Amino acid sequence: MERTMNNREELRRMALEAIDAARDDLLTLSHDIFEYSELAFEEVRSAERLRNFLSDLGFRVKDVDGLPTGFVAEIGSGSPVIAFMAEYDALPEIGHACGHNIIAAAAVGAGLGISSVMDKCQGTIRVIGCPAEESGGGKVIMVDKGVFDDVDVAMIVHPAGAYMADDCSYAVRTFRVEFIGKAAHAASGPQYGINALSAAVEFLVSINAFREHMTDDGRIHAIITDGGSAVNVIPERAALRVSVRGTTSEYMDALAEQVERRVKGASISTGCKYFIEEVGLGCKEIRVNPELSRLFEENFKELGITVAPRGDSKGSTDVGNVSHVVPTIQAYVGIGADATHTVEFREASISPQGDEAVINGAKVMALTAIDILSEPEVFNKIQASFER
């Protein structure tokens, strides 16, 4: 198939027109998922709504074994294989305060835009429905199941205060720590007790002292989840939840070792027994692909969107695990609210600015996908950037 610049520009125009024509349907989809507000692994209505939308567009939809609310929708054939990742789980009590309704609708919108030109392209487009980003590590499971094994490029957009063309994140691991002591009356017989709460406090003091020796590449944060039930009883049990983050998995693992050493130290000094176990799946840091970031920035600007530089603020996401097995980008679409996981951010995700983010996110991913489909050298540069 002959691929010319004129062909590329025509494909881009057609894809953008298709997204604009479907604007009302895409925004209704975003608002519906917002209203469903389903938690991790429980996104039954959201997943079904997305699957039906894509099936109506001609996508072949299949299940993901062991993940009832995950799916893979595909159109086209051959390589390259480009995936748009959809997230659609909400947070407990506060709902879609991370704007996953925008992420899902933008992914479907990108798929819609490319589906309108697939008869003129060679390659495969997938919309991958990824459950449980907020808790549960849906993409970690999907990577382990091989869902991304034959994907050549993966994309996702996430709402934020401003538009940004790349992302960075912490790798994260979380632990449950428990200290076991011996109960006794706090007034009449404290000498007979072993205070598990003292061990928990000593552990926290030790972690606080260690922070002086950490670099900005890591974080350790902890809470006491159980510190006793009666003030006149020496607590025989105390429990904590501890998260360790690093800009690299290696540094995160080094900090996890420091956590375990300080748990042991608090155990020895207080006489408590201890128990530590990792909870959840954790996730890796995002491997930034400079070539994909460059393409996104150019395409944002072509849409008339001002792109802000990526700041130092970062969280953790299971997108990181995908980025370790396939060239991946997580970019940001601006909705005018900065603080995620807040009521303000939730309301912004269905505001007029949030609705524009759905359309702009769909467009920037569709344009970037067409760049890859129509110019083989573009994909070669992305792959070379990934391998470096």
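What the table below lists for this structure:
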item	result
Answer residue from region 351-388, given it is polar (S, T, N, Q) and either modelled with pLDDT under 95 or part of a helix (DSSP H, G or I) (or both) and is nearest to residue 10 (Cα to Cα) among those	374
Only one of 97, 132, 110 that is modelled with pLDDT of 95 or more, surrounded by 23 or more Cβ atoms within 10 Å (Cβ to Cβ) and over 18 Å from the mean Cα position of the chain (by Cα)	110
Single residue of region 278-322 satisfying the filter (touching a Ser or Thr at 6+ places or on another chain (Cβ under 6 Å) and among the charged types (D, E, K, R)) that is modelled with the lowest pLDDT	314
Residue 72 in contact (Cβ under 8 Å) with a residue 60 or more places away in the chain, within 15 Å of residue 358 (Cβ to Cβ) and not small (Gly, Ala, Ser)	no
Helices (runs of 4 or more DSSP H) contained in region 1-73 and holding at least 3 residues among the hydrophobic types (A, V, I, L, M, F, W, C), assigned by TED's automatic domain parsing to the domain that holds residue 378 and under 21 Å from the mean Cα position of the chain (by Cα)	23-36, 44-56
Selected residue [surrounded by 17 or more Cβ atoms within 10 Å (Cβ to Cβ), assigned by TED's automatic domain parsing to the domain that holds residue 143 and closer than 28 Å to residue 322 by Cα] from 292, 255	292
Set 147, 143, 242: member being in contact with a helix residue (DSSP H, G or I) (Cβ under 9 Å, 6 or more places away or on another chain), under 30 Å from residue 89 (Cα atoms) and in a strand (DSSP E or B)	242
In region 170-185, residue farthest from residue 320 (Cα to Cα) [restricted to those that are assigned to a loop (DSSP other than H, G, I, E, B) and at pLDDT 95 or above]	184
Neighbours by Cβ (under 6 Å, 6+ apart or cross-chain): first from region 351-377, touching a residue at least 12 places away in the same chain (Cβ under 8 Å) and over 18 Å from residue 29 (Cα atoms); second surrounded by fewer than 24 Cβ atoms within 10 Å (Cβ to Cβ) and of a type in the set (D, E, K, R)	367/12; 370/12; 374/3; 374/8
Residue 374 vs. criteria in contact with a Ser or Thr (Cβ under 6 Å, 6 or more places away or on another chain), of a type in the set (S, T, N, Q), farther than 15 Å from residue 155 by Cβ and surrounded by 17 or more Cβ atoms within 10 Å (Cβ to Cβ)	no
Number of the condition not met by residue 275 [criteria: (1) over 24 Å from residue 35 (Cβ atoms); (2) assigned to a helix (DSSP H, G or I)]	(2)
From the options 105, 83, residue that is buried (at least 24 other Cβ atoms within 10 Å of the Cβ), at pLDDT 95 or above, among the aliphatic types (A, V, I, L, M) and out of contact with any helix residue (DSSP H, G or I) (no Cβ under 6 Å at 6 or more places or on another chain)	83
Sole exception among (1) in contact (Cβ under 8 Å) with a residue 60 or more places away in the chain; (2) crowded, with 20+ Cβ neighbours inside 10 Å; (3) over 22 Å from residue 380 (Cα atoms) for residue 162, by number	(2)
Within region 54-80, considering residues that are under 21 Å from residue 145 (Cα atoms) and among the charged types (D, E, K, R), the one surrounded by the most Cβ atoms within 10 Å (Cβ to Cβ)	74
Residue match in region 330-350 (condition: in contact with a Gly (Cβ under 7 Å, 6 or more places away or on another chain), surrounded by fewer than 18 Cβ atoms within 10 Å (Cβ to Cβ), assigned to a loop (DSSP other than H, G, I, E, B) and not charged (D, E, K, R))	yes
Scope region 135-170; condition of a type in the set (A, V, I, L, M) and within 11 Å of the chain's Cα centre (by Cα); matching residues	140, 156, 157
Positions within region 207-223 being surrounded by 17 or more Cβ atoms within 10 Å (Cβ to Cβ) and either within 16 Å of residue 238 (Cα to Cα) or not assigned by TED's automatic domain parsing to the domain that holds residue 236 (or both), in sequence order	222
Exclusive hit being within 24 Å of residue 30 (Cβ to Cβ), crowded, with 24+ Cβ neighbours inside 10 Å and touching a residue at least 40 places away in the same chain (Cβ under 8 Å), set 118, 142	142
Only one of 207, 224 that is within 30 Å of residue 140 (Cβ to Cβ), aliphatic (A, V, I, L, M) and in contact with a Leu (Cβ under 6 Å, 6 or more places away or on another chain)	224
Qualifying residue in region 275-289 (condition: small (Gly, Ala, Ser), more than 16 Å from the chain's Cα centre (by Cα) and surrounded by fewer than 23 Cβ atoms within 10 Å (Cβ to Cβ))	no
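The values are calculated or read from the model by the stated rules, or taken from the named source; none is laboratory data. If you're wondering where the values come from, they're calculated on a predicted model, not measured in any experiment. With ideal geometry, Cβ positions are generated from the backbone for all residues, glycine too; neighbour counts draw on all protein chains shown.
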